Amino acid sequence: MTASALMKRGTPATGRRYEVGPMKIDETDAAIMELLQEDGRMSAVEIAGHLEGVTPRMVRHRIKKLVREGVISVIAVVHAPAMGYGIRADIFVEAEQAAISDTARRLAELDLVTYVAFATGETDIRSAVVAKSVEDLHEMVQGLVHDIPSITRTRTFVLGPQLKFTHNWRVPKEVYAPKEPDSVSQHDEDEAGSH
């Protein structure tokens, strides 16, 4: 059963729970998350109205638990282009080996940097930035190299139209939907044959 199937279509929640890191979620949690992704301002009463056998009190409790456990954040997402920052770019950064962590921390402190992560492969750090113009982007990159001396090289990639924005990421069905039982496994056959 999917989270969408739990929404009012006459299908009651099964109550099965599945592990997600240290927290267990079930189909009701997944359905609540899906509804909040559609409208983060949706009230517990409205959410309960979309789900079979779920009360507003249960919704409030589950949202509080999901937030407390770090599974979700209910926040406002600022769209940079609407604020005049229409240029988005990825910047791949190489840094002196002894200063990679400090370099990443310093990048993360910058206002126009929206993402910083350690990377493997040809680069040490990946970051994403926003800028008002290509000229501003160029000045920003030049400033990084000047202001953070541990940076040894940068590669900048101006991004085109965005096809997917991760705040819309849906919990995969495999997290909360039970796996279909396999036919008899080789292990089971071996166990049966040894008796």
Quiz item: Got at least one residue in the stretch 179-195 being within 30 Å of Glu38 (Cβ to Cβ) and modelled with pLDDT under 95?
Solution: yes
Self-check item: Filter pass, Ile72 being within 23 Å of Glu139 (Cβ to Cβ), within 21 Å of the chain's Cα centre (by Cα) and β-branched (Val, Ile, Thr)
Solution: no
Self-check item: So Val175, is it in a helix (DSSP H, G or I), assigned by TED's automatic domain parsing to the domain that holds Leu35 and closer than 30 Å to Asp26 by Cβ
Solution: no
Practice problem: Collect the residues in the stretch 36-57 that are aliphatic (A, V, I, L, M) and not in a loop (DSSP other than H, G, I, E, B), keeping them in residue-number order. | Solution: Leu36, Ala44, Val45, Ile47, Ala48, Leu51
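The values are calculated or read from the model by the stated rules, or taken from the named source; none is laboratory data. What you are looking at is a predicted structure, and each value in this text was computed from that prediction instead of being measured. Every residue, glycine as well, gets a Cβ built from its backbone with ideal geometry; the counts of neighbours run over all protein chains shown.
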